[in-house]
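Every number here is computed from the coordinates shown, using simple stated rules; none is lab data. Just so you know, these numbers come straight off a predicted model, no measurement behind them. All Cβ positions, even for glycine, are placed from backbone atoms using ideal geometry, and neighbour counts span all protein chains on display.
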């Protein structure tokens, strides 16, 4: 704790004076009168040095003034040498003035801190020098406290009067302002810096009551005590008190205690960096009044631990004036409302704490994600809260095989499905029906027509829906179920082909009969009942065959339990763009690369690649075809100073078919056969759009002959 005080021009009390009676304390207070019966105050947080955006935000909100809750960007050129490496990296990560490509390069794991320090200059961290020089001018008054990442030396220059900017008012423990508009006199009280309990008695590089160092600032006990003293000196019953802090009273019991001492009607804070702003009073978030008291008690206990460990050292260095401020800070810590229905020391029953229900709090998200507008008219303070929020578009790509069921829940068929025939030997229990996805069907599948000739029957069939309910099935559900069946049949086909290849003559001619391949064009697709733990009887030859065009039927087996999904992987998104980069790129870089089309992106994935190629290939999934086309046509020319390869994602079968090369698929060690196949090739094949019917089979077998239905 430093016994020195701030310069006399803004000091609350000099630390030492040759005069036995120091001059009386003068509070730095002014009243700003807005000559209007209606006014709007824009409240934002964490502008992070992009000060030119303040005028734009005020214009969009039609605001006559701005209230800012910290991380304003109080840095100048000389601040860089005082910022430590960790804080500089943090500022580089979140500065809105650094292009995303350059940020990715600077924050690469292989780059040491010296790379950031040699590259980042003040223009990439803050526009404050432009504001100070007059190149940027504030069109409306701005009232701000400092945040957790600021240069304490710059703030000291404001307190000393060395720096001054038109329309910029720094609120601190000795500086308060009154805004008179819309029939309300709004008293602004401010407390800057992060609340770090173990630093509350450490000034760092600051003098008097404020503290900071190495690019960060924090709240001190003397700062809290002086704010209490200032609020008591300017108290006016006709005013409405608004406490502006960087730390949140919702999480910090000490800040909540301070609002009680200051008799605050409203509080605005930040520091949590959520995508939604929050609006609450203690009554709405605490189970009872004791819950509110417990939060305050927890703040007191945390402070007491620090105070007990430093009390002797602090008493040895503070002067008389600082002692007064310290006593006021300690009075804040002791301010815990008495429990209800318990008589006090004098025997009187305490009343309910007014702030329990009447003090309203807002915690703001960063300025890039939202804001609060206080619309004041005829003495009423209206609130308009705007937040960017979360993007839940990824939920539309969820499939039954990837979504965990709710514990204890059961599965039932969707309405509108009537199964009138049950295979012999199977139970009458209802099977499960996969849930349809909301994803739109690709055009090449939505436009396909039903074959005029039924496919040949096989020995394993599923009963047909006699109520024609299958004709009303959505195309999305049909596509999903067919993909599951194909995946299962491909696995069986591969195993059968391997067994047959082992015992087959090498001289098999082109006319040799081959078993049907369910995945090729012109062949029938037959539903196979799932294994349920019991032997599933074969259905007789006389039963009709159900094709995918006829719709989806719930499989009936001997099991009456819930069916376990058999698909090993979900249906892939047809609206996917493939990117190949020459250097690694982060997900944020890829989103920024697509510009306005990035709002349609639902997921970005990086395939498993060889060492040294990580993050150099990516699949960018869009919610629909329109968004994907916008991404293909509207992306930027360069990504991180190079031109990436951008195209619609295809499957291995499709690529080989387009190049007239037989697809062998598979991975080393699997015999070189098959491969799992992909969604696009199977969709094209089912629609009759492939051109490789006459190609040789991968295992040397004869190609399939076209069927009548083709």
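Most tightly packed first, judged by the mean number of other beta-carbon atoms within 10 Å of their residues, the peptides 586-592, 244-250, 640-646 read 244-250, 586-592, 640-646.
Highest mean first, the peptides 83-94, 381-392 sorted by other C-beta atoms within 10 Å per residue fall in the order 83-94, 381-392. The residues 207, 269, when put in order of fewest to most other Cβ atoms within 10 Å, stand as 207, 269.
Which whole-number percent is the relative contact order of the stretch 161-206 (Cα, under 8 Å, 6+ apart)? 29 percent. Our estimate of slack between residue 130 and residue 619, defined as 0.36 nm per intervening residue step minus the Cα-Cα distance, is 171.9 nm.
Sort largest first and round to whole Å: the equivalent ellipsoid semi-axes of the stretch 113-159, each the square root of five times a Cα gyration tensor eigenvalue. Walk me through the numbers on the way to the answer.
Numbers: eigenvalues 110, 47, 19 Å².
They are 23, 15, 10 Å, listed largest first.
Shape call for the stretch 72-217 from the C-alpha gyration tensor, a ≥ b ≥ c root eigenvalues: rounded (a/c under 1.5), prolate (a/b greater than b/c) or oblate? Taking the square roots of the gyration eigenvalues as a ≥ b ≥ c, the stretch 72-217 is prolate. Counted by neighbouring Cβ atoms within 10 Å, the residues 480, 629 run from fewest to most as 629, 480. In plain terms, the chain from residue 391 to residue 283 could stretch by 35.9 nm, reckoned as 0.36 nm per residue minus the Cα-Cα distance. Mean projection of the Cα convex hull over all viewing directions, computed for the stretch 49-112: 5.7 nm².
Just check the stretch 18-157 against the gyration tensor rule for me: Cα atoms, a ≥ b ≥ c as the square roots of the eigenvalues, rounded for a/c under 1.5, and otherwise prolate or oblate depending on whether a/b exceeds b/c. Note, shape of the stretch 18-157 comes out oblate. Here the peptides 162-171, 211-220 are ranked by packing, the mean other Cβ count within 10 Å, and the order with the highest first is 211-220, 162-171. Label sites at residue 233 and residue 137, each approximated as a point 7 angstrom past Cα along Cα to Cβ, lie 3.4 nm apart.
Please label the shape of the stretch 157-294 as rounded, prolate or oblate, based on the square roots a ≥ b ≥ c of the eigenvalues of the alpha-carbon gyration tensor (a/c under 1.5 means rounded; beyond that, a/b larger than b/c means prolate, else oblate). Oblate, since a/c reaches 1.5 and b/c is not below a/b.
Using C-alpha pairs under 8 Å with a sequence gap of at least 6, the mean separation divided by the residue count of the stretch 193-267 gives a relative contact order of 27 percent.
If I model the stretch 185-245 as equal point scatterers sitting on the Cα atoms and use the Debye formula, what is log10 I(q)/I(0) at q = 0.17 Å⁻¹? Evaluating at q = 0.17 Å⁻¹ gives log10 I(q)/I(0) of -0.60.
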